[in-house]
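In what follows, a structure is listed as structure tokens, so that the remarks can point back to it.
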Amino acid sequence: MALTVKDFAKTLKIKDEALLERMKAAGLSHTKSSDEITSSDKLAFLKSLNNRKPGSSQAMTSSSSSGGVTVKSKGTVSQPTGPASVQPEGMTDNIETKRQAAAENLKEQQKKREDQIKQAILLKQEQQQEAKKTSQKFQAPNQSQPRVNIKDQLSRAANEYSRREKSFSKEDSAHQFAKPVEFIQRDIEVPEMIQVGELAKLMFIKGGVVVKTLMSLGVAATINDSIDQETGILVAEELGHNGIPLNNSSVEDEIIGSIEYTDIPKLRAPVVTVMGHVDHGKTTLLDFIRQTKVVDGEAGGITQHIGAYQVPVGNSVITFIDTPGHAAFSSMRARGANTTDVVILVVAANDGVMPQTEEAINHAKAAGVSIVVAINKMDLQGADVERIKSDLAAKDLTPEDWGGNIQMIPVSALTGDGVDKLLEAVVLESELLELKAHYEGQAQGVVIESELDKFRGPVATLLIQSGTLKLGDMVVCGAAIGKVKTIIGSDTSKLKIAEPSFAVEILGLNSVPNAGEKFQVVKNDKEAREIAAFRANKLKDRKVLKQRDESVGNIFESMGQSNKKILNVILKSDVAGTSEAIVAALNDIGNTVASIKVVASGVGGISESDANLAVATESMILGFNVRSDNAVKKIVESEAIILSYHSIIYELIDEVKARLSGLLDPIIREEIVGTAEVLEVFNSPKFGQVAGCMVVEGSIFKSKPVRVLRDDVVIHQGELDSLRRFKDDVSEVKNGTECGIGIKNYKDIRPGDKVEVFDRKEEAQTI
């Protein structure tokens, strides 16, 4: 707060006027009591008082309530004017004493003030010097130092110290990413499954960048989710790095890679797969070769799963694999082609090249196997060999007699004509291939088919490709393991060993392996469990990834198609290959309006857990060549679950299509049944506005809805209020007849308008 003349006068215990007079005498320009006094003013005033001599200096004026006494000089008292001019001698001495005391007090105060000023000046100088030293500590030596406040300077020093401490802490932290000055391209090794966060660490970037990149690629994933190898490589390349696939099957590779064969490879029997369109005679041909009646036991006369048989031909043996021809078994045909040496393509001479024939050709070409064509049903009328050869030549299968390399043999599976020539062609083809295998050592091969037998447990059909399988061997089939307890040949005989090219059934596995899985014989139970655990974890990761993708897909699907109908299905089948084929066929059913969702599928009978799952998910249960127990029947009856049994695949698919179609809303179709033209309009006191009309097309029905058209534009839609023929109410007026029409709640009909009568019909949608 500023010091005024008035405040200073109070401090000195004198009047304002007296102080102003003295300040004027000291050379100061203050004229009012409210004028401010600075420190320099006070210093100048005090110096002027100190420089005054005792005899010549003017005394300060003191006032009293009765009058005033003016002190002119030390020892001299001037006589004031007024009533108080006459004063006693004692009073004069008292005034003089007070004057001297006041002068001494003023001197002491002046000296004290001067000391305070000196101390303040010294303190200010010390603070400036300290600030200068502190500033020089944090600034460049040649930089000029501005005059700053010591508090500000200390605050800056503290902030600088804190910043340096944080910098050191970041460098020492293991959880912080070191951002490079410029981009560095790296070789990123991506395993089969990897977390998004781990992939980000490999590229030395934040996880959010990887998540954003995945979103741009159409993959919804968080930093803790796993992605497959292909997606990981794609992300790495999108961010400028080199994605390298990494095979992390170290446990599996180490054990399986240790299998070595020291013997010299010897000739083995060829593995022949019979492929072709449904009902072209594949199984009948194979049945004739085996001299059995396999086809009679096939449900619906079609092969439902892969069959493997060994047939002696002359001095050699041929392993035949029979594949289904139905469209639903595409995956099984592909698996058959990938495990064979020669493909016998069966084509009906009276039917020609069909869709599944083309598919079989593509599978054989993709597998890189030799093809021998059997033109079957030569015993039927309409058989045209040359047409079949021409159709096959159009598919890049040129016959030998046309200058190509494909053997085409006309045969009849019923009579046996040409079958011997066909077998000779197969043997010749296998000799040209010089098929060899190792006979000594641990067996390896592929699982052709698998099933869960009610009495025997898990059963797997194996095709041995190398080594010899023996009783007691420890076998790994995918994630299934077990010691071989029984080996059954294609003729149902029990064997002790199985050599290369043998197709056998084995018992002793702990679970049902997937068809198409590789199998290996390992040294002991420990190795088998390690491989099985590794494969099970890999399978689990893939399932989690698939479920996440499906859930994300369902979210996006529901965003655009909230009214889409879904039929949930639980499938149980007798063999794994058939289950795989049916699931693939069910997934192909549907459109943008309705579709099938396979909630669960498996091998074996329908269990109580399957029924409970059906209740929870509102699913129907499909059993293919399997049945349910009594507990399931009770749940089905109480919960009204749909349970359906089948043994023929196309009947199963037809039922599912029908049930899916039943979920769809019917299609409403409109049909125009009659049209009348308005000739005149009348006003009736009873019926209101009535239009006199002529029926020009069809018939007019009172019970059906109508539309009013003006210049072929619909202006009203409603119902008829009345329909009269002369004075009679009628329900129908036919073409070429005049009538009177009254429309309910409509009074704007005019001559020249048309009244259109229509009917609505519901039609069921089909898939």
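The values are calculated or read from the model by the stated rules, or taken from the named source; none is laboratory data. If you're wondering where the values come from, they're calculated on a predicted model, not measured in any experiment. Quick reminder, even Gly has a Cβ in these numbers, built from the backbone with ideal geometry, and neighbours come from all protein chains shown.
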- Query: Is it true that residue 698 is surrounded by 13 or more Cβ atoms within 10 Å (Cβ to Cβ), farther than 12 Å from residue 741 by Cα and touching a residue at least 12 places away in the same chain (Cβ under 8 Å)?
  - Reply: yes
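Output yes when any residue across segment 487-494 is more than 13 Å from residue 522 (Cα to Cα), surrounded by 22 or more Cβ atoms within 10 Å (Cβ to Cβ) and in contact with a strand residue (DSSP E or B) (Cβ under 7 Å, 6 or more places away or on another chain), and no when none is.
Initial filter on segment 487-494 (more than 13 Å from residue 522 (Cα to Cα)): 487-494.
Checking the rest, the ones that are also surrounded by 22 or more Cβ atoms within 10 Å (Cβ to Cβ) come to 487.
Still in the list and also in contact with a strand residue (DSSP E or B) (Cβ under 7 Å, 6 or more places away or on another chain): 487.
Yes, segment 487-494 contains a residue that is more than 13 Å from residue 522 (Cα to Cα), surrounded by 22 or more Cβ atoms within 10 Å (Cβ to Cβ) and in contact with a strand residue (DSSP E or B) (Cβ under 7 Å, 6 or more places away or on another chain).
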- Residue ID - nearest to residue 754 (Cα to Cα), chosen from residues in segment 670-720 that are assigned to a loop (DSSP other than H, G, I, E, B) and more than 60 Å from the chain's Cα centre (by Cα): 687
- Count of residues meeting criterion [surrounded by fewer than 13 Cβ atoms within 10 Å (Cβ to Cβ) and assigned to a strand (DSSP E or B)] in segment 721-767: 6
- Task: Look through 710, 724 and report the one residue that is among the basic types (Lys, Arg) and closer than 26 Å to residue 669 by Cβ.
- Result: 710
- The lone exception for residue 644 - which of (1) assigned to a strand (DSSP E or B); (2) under 30 Å from residue 732 (Cβ atoms) it fails: (2)
- Message: What's the number of the only condition in (1) in contact with a strand residue (DSSP E or B) (Cβ under 8 Å, 6 or more places away or on another chain); (2) surrounded by 15 or more Cβ atoms within 10 Å (Cβ to Cβ); (3) of a type outside the set (S, T, N, Q) that residue 479 fails to meet?
- Response: (1)
- Message: So in segment 426-465, with the set limited to residues that are among the polar types (S, T, N, Q) and crowded, with 20+ Cβ neighbours inside 10 Å, which one is nearest to residue 604 (Cα to Cα)?
- Response: 450
- Task: Test residue 593 against the criterion of being modelled with pLDDT under 85 and under 18 Å from residue 568 (Cβ atoms), and give yes or no.
- Result: yes
- Message: Suppose we filter 616, 611, 631, 594 for residues that are within 17 Å of residue 655 (Cα to Cα) and among the small types (Gly, Ala, Ser); which single one remains?
- Response: 594
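Please work out which residue is nearest to residue 317 (Cα to Cα), limiting yourself to segment 415-425 and to residues that are crowded, with 16+ Cβ neighbours inside 10 Å and either touching a Lys or Arg at 6+ places or on another chain (Cβ under 7 Å) or free of Cβ contacts under 8 Å to residues at least 60 places away in the same chain (or both). Lay out the reasoning, then the answer.
In the first step, residues of segment 415-425 are kept if they are crowded, with 16+ Cβ neighbours inside 10 Å; the result is 418-419, 422-423, 425.
Okay, now just the ones that are also either touching a Lys or Arg at 6+ places or on another chain (Cβ under 7 Å) or free of Cβ contacts under 8 Å to residues at least 60 places away in the same chain (or both), so 418, 425.
Details: 418: 19, 425: 14 Å.
For segment 415-425, the residue satisfying everything is 425.
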- With criteria (1) out of contact with any helix residue (DSSP H, G or I) (no Cβ under 6 Å at 6 or more places or on another chain); (2) not small (Gly, Ala, Ser); (3) not assigned by TED's automatic domain parsing to the domain that holds residue 531, residue 410 comes up short on (1)
- Check whether at least one residue in segment 400-420 is among the hydrophobic types (A, V, I, L, M, F, W, C) and at pLDDT below 85, and report yes or no. no
- Does segment 586-612 hold any residues that are crowded, with 16+ Cβ neighbours inside 10 Å and over 15 Å from residue 623 (Cα atoms), and which are they? 589, 590, 594, 595, 596
- Residue check for residue 761: closer than 30 Å to residue 589 by Cα and either modelled with pLDDT under 90 or in the same structural domain as residue 566 (by TED's automatic domain parsing) (or both): yes
- Query: Does segment 373-393 hold any residues that are among the polar types (S, T, N, Q) and loosely packed, with under 14 Cβ neighbours inside 10 Å, and which are they?
  - Reply: 381
- Among (1) closer than 26 Å to residue 451 by Cα; (2) modelled with pLDDT of 80 or more; (3) surrounded by fewer than 24 Cβ atoms within 10 Å (Cβ to Cβ), which single condition is residue 365 missing? (1)
- Query: Quick one: residue 295 ticks every box in (1) touching a helix residue (DSSP H, G or I) at 6+ places or on another chain (Cβ under 6 Å); (2) modelled with pLDDT of 80 or more; (3) within 15 Å of residue 376 (Cβ to Cβ) bar one, so which box is it?
  - Reply: (2)
- State all residues of segment 647-672 that are loosely packed, with under 15 Cβ neighbours inside 10 Å, at pLDDT 85 or above and either among the β-branched types (Val, Ile, Thr) or more than 26 Å from residue 762 (Cβ to Cβ) (or both); if no residue qualifies, say none. 672
- Task: Being surrounded by 15 or more Cβ atoms within 10 Å (Cβ to Cβ) and hydrophobic (A, V, I, L, M, F, W, C) is the filter here, so list the residues in segment 394-414 that pass it.
- Result: 397, 406, 408, 409, 411, 413, 414
- Query: How many residues are on the phi > 0 side of the Ramachandran plot and either in the same structural domain as residue 226 (by TED's automatic domain parsing) or at pLDDT 85 or above (or both) if we restrict to segment 502-545?
  - Reply: 1
- Task: Enumerate the strands (runs of 3 or more DSSP E) found wholly within segment 384-495, keeping only those where 1 or more residues are within 46 Å of the chain's Cα centre (by Cα).
- Result: 444-453, 457-466, 474-477, 480-488
- Query: Of (1) at pLDDT 85 or above; (2) of a type in the set (D, E, K, R); (3) over 14 Å from residue 622 (Cβ atoms), residue 572 satisfies all except one. Which?
  - Reply: (3)
